[in-house]
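The values are calculated or read from the model by the stated rules, or taken from the named source; none is laboratory data. Predicted, not measured: the structure shown is a model, and the values here were computed from it. Don't worry about glycine lacking a Cβ; one is built from the backbone with ideal geometry, like all the others, and counts go over all protein chains shown. For the accessible areas, the whole protein counts, side chains as well, though only heavy atoms, and no ligand, DNA or RNA atoms are used. Shrake-Rupley method; radii C 1.70, N 1.55, O 1.52, S 1.80 Å.
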Amino acid sequence: MSSSDSSCCMRLRSCPKPRGFIASTITEGLLGVLLFGVFWAVLGPECVPGKNIFGLVVLFLSAVCGGRLVGTIRLPGLPPFPPLLGMLLMGLILRNVPYVSDAVFINQKWSSSLRSIALAIILTRAGLGLNPAALRKLKAVCVRVAVGPCSIEACTVAVVSHFLMDLPWIWGFILGFVLAAVSPAVVVPSMLLLQEGGYGVQKGIPTLLMAAGSFDDVLAITGFTTCLGMAFGTGSTWLSLGKGVLEVVVGIISGVVLGVLLHFFPSEDQVDLVLRRSSMLLGLSVFSVFASHTAGLGGAGGLCTLVLSFIAGLSWDTKKAPVAAVIGRFWDVFQPLLFGLIGAEITISTLNPNTVGLGMATLCVGVVIRLLVTFAVTLFAGFSLKEKIFISLAWLPKATVQAAIGSTALDMARSVGDQQMEYYGMDVLTVAVLAILVTAPIGALAIGLAGPRLLQQYTEMKEAHTEDKVEGVSAPDPNGPAALESKL
């Protein structure tokens, strides 16, 4: 190397490198341009405005940018706004802005397939996230918090939507179980933030809500898949009910069999074990969702995915963490697609104002009942009044599950070509989108504002207890961590 080359290298190394948010934004922008360039180089004419690939790439990049912009909105002392709101809003904008909507065309079949893949990924994450140890140690309060609000809200929404929105009973329950799930994408980051600050950890409130949230989602998805099978069953009501039960049984049995298969294959002596396990788990999950629709048992696929991922995680024990991390990376890619595509399904000009108004009324009634039931099920559980209020508020936000399953009924209605069912499916999707837009930001703000004000900070309690011991007070605290852990 010559002296001039060496000096050039030295000067290059001494140049300041961009860091932080600016560097991250430039990197992601270059990756976006590169992504579009690769598609254009390979597919050519399919990447011009008005074509499907162009629409999907633009939607994905717009959803990523929208999520980043919303995620940067920070208020002092509060958790960041959920990025999924920005993703959803970008989908709405691309679909409803004149001329832009013509250029950003997305084929309905592609949209449905991509949302199904995203559903398989989120169900896989939910199954892996179920903690067997917590499941064995569940006390009455955690069971009540997981089951009570979800079940009562689903039934309430079913009754209200039947009389207000003229939905058939079975479609009312479909909407009820869509709305009944709490959002892990909002609750978990908020709980982790409070846990880091020591709020509520003395009584295990963040841990309680994160664990109960997983079971709440599983219950909602199971109820949804059962009702979905009944809604699209042919014949009498009893035959439809039998088909719904059959889908649950087939989903559980298939999930157990495939989960046991993943226990043995790939074997632990193989190279790249994490990659192989992740590929097998994702492949079986996506196959289960699509194969169940092909077999006419649409509700069985989601339940099968939940069960097989839970069984696989149970057999892998502590070694499931790297696999869960890989699945999380796939979710990072499909989350913008899912929320962007859900937003792009809504055409504001075609919405019936009555549907929006009555849907909002149904949502509000269900949320109020959920808050009251959550407060009721925490009675006699060792919580103070402020802690009960906080737990109720934390059980408010809805987002991830609503986006994952909110459009499933509409997709199935389109596949069978039933115009009346398409109308019902669009009502369900519309209310699901309204639930995301309304409850996700309100829930995140409520948790961030109420947490420091309603929960005790454990670090202060610990310091006070230490000072009492120094002064000679040695009596054990009846509300200490050990005693409260035994209560929960």
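Rounded to the nearest whole Å², what accessible area per residue is found for segment 277-385 with the 1.4 Å probe?
On the way: 4450 Å² over 109 residues.
Here the residues of segment 277-385 average 41 Å² of exposed surface.
For a quick protection proxy, order the peptides 55-61, 189-195, 179-185 by their average other-Cβ count within 10 Å, most packed first.
My ranking of the peptides, most packed first, is 179-185, 55-61, 189-195.
Taking R0 as 35 Å, what's the FRET efficiency between I253 and A140 from their Cβ-Cβ distance, rounded to 0.05?
0.70
Can you run phi through the Karplus equation (6.51, -1.76, 1.60; θ = phi - 60°) for segment 97-109 and list ³J(HN,Hα) in whole Hz, with x for Gly and Pro?
Whole-Hz 3J(HN,Hα) from phi for segment 97-109: 7, x, 6, 5, 5, 6, 6, 8, 8, 10, 5, 4, 5.
Amide H to amide H, which residues 5 or more places from Y199 or on other chains are under 5 Å from it, using H placed in the peptide plane?
Y458
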